[in-house]
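The values are calculated or read from the model by the stated rules, or taken from the named source; none is laboratory data. Because the structure is a prediction, the values reported are computed rather than measured. So basically every Cβ, Gly included, is an ideal-geometry build from the backbone, and we count neighbours across all protein chains shown. For the accessible areas, the whole protein counts, side chains as well, though only heavy atoms, and no ligand, DNA or RNA atoms are used. Shrake-Rupley method; radii C 1.70, N 1.55, O 1.52, S 1.80 Å.
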Amino acid sequence: MTTIPPGANCSAPAVSIEIIVPARNEARRLPGGLAALCQQAATLPLRTAILVVDSASTDGTGQVVQGWPAGPVPVRLLRCPRPGKGLAVRAGLLASRAPFVGFCDADMATDLSALEVAVGLLTAGTPMVVGSRGLAASVVEDRHSAARRAGAVVFRALARQIVPGATDTQCGFKFFSGPLARAAALPLRTVGFAFDIELIARCQELGAALTEIPVTWRDMPGSTFSVTHHSAGILRDLAAIWLHYRPGLPPSTPSPLPRPLAPAALPSALPPAVAAA
């Protein structure tokens, strides 16, 4: 594993894309997922690094990353002292420095063959690439309960009021121009599962079009989402996001769309983490 403490100097080769993996109590699932991600990332045409954000885990998640063997794809750890997937992804995005950045779930429920498609679109100038299980070409193996499936239908309908045209805001596979992602992440306030909607809405506010790609997705055992425990909080988050980004609001002062760094300006090292192990 490549561990970079705050302020450290590193002469590692330039990284063009960083992949963030938010992880809370994922010591059991993370080794397999991380191995698959490293293997797939090594085949990409861009030099890739992986940043695992330990979201206040109480198991050995951080130790898994600390003990990860060195390889062609550097892996490092960022500790997030408070739980919340939104907080973890935001911390990872803001700790990144590469021209391109994205995130995927620790269970790797989205087939990683989509990485090649996402990278191709990013390098062609597409600023925001989002995996969608709602596209006709997607292959979805869903073992969720009837209650959760019904809740997902309601959630998608509410999400479209904030990000019209989106067929799936919650697939844990999203990639961006690095400058766009960091500019969008800075003001994010949603800490829980609805953070994806605010992130997409913020990117759109900055002028980025939403590009969805089909994915192959499998429902993986061990999900931390609970309809009973999380639904009320998600509805509160959706209401707060809608109030801020709802259609019909006077547009904010437009900002130029952040653009990727030119190749000559690629960073010469992996960035120091805010609170690296």
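When region 89-117 is examined, which residues are found to be of a type in the set (D, E, K, R) and under 24 Å from Arg189 (Cα atoms)? Give the derivation first.
Filtering region 89-117 down to residues of a type in the set (D, E, K, R) leaves 90, 97, 105, 107, 111, 116.
The answer is Arg90, Arg97, Asp105.
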(request) Among residues belonging to region 9-61 that are among the small types (Gly, Ala, Ser) and surrounded by 19 or more Cβ atoms within 10 Å (Cβ to Cβ), point out the one that is farthest from Ala98 (Cα to Cα). (result) Ser57
(message) Against the definition (within 25 Å of Gly192 (Cα to Cα), open to solvent by 50 Å² or more (accessible area, probe 1.4 Å), touching a residue at least 60 places away in the same chain (Cβ under 8 Å) and more than 13 Å from the chain's Cα centre (by Cα)), how does Arg82 come out, yes or no?
(response) yes
(request) Go through (1) surrounded by fewer than 19 Cβ atoms within 10 Å (Cβ to Cβ); (2) in contact (Cβ under 8 Å) with a residue 12 or more places away in the chain; (3) in a helix (DSSP H, G or I) one by one and return the number of the condition Leu87 breaks. (result) (1)
(request) Within region 54-108, count every residue that is of a type in the set (Gly, Ala, Ser) and within 22 Å of Ala41 (Cα to Cα). (result) 12
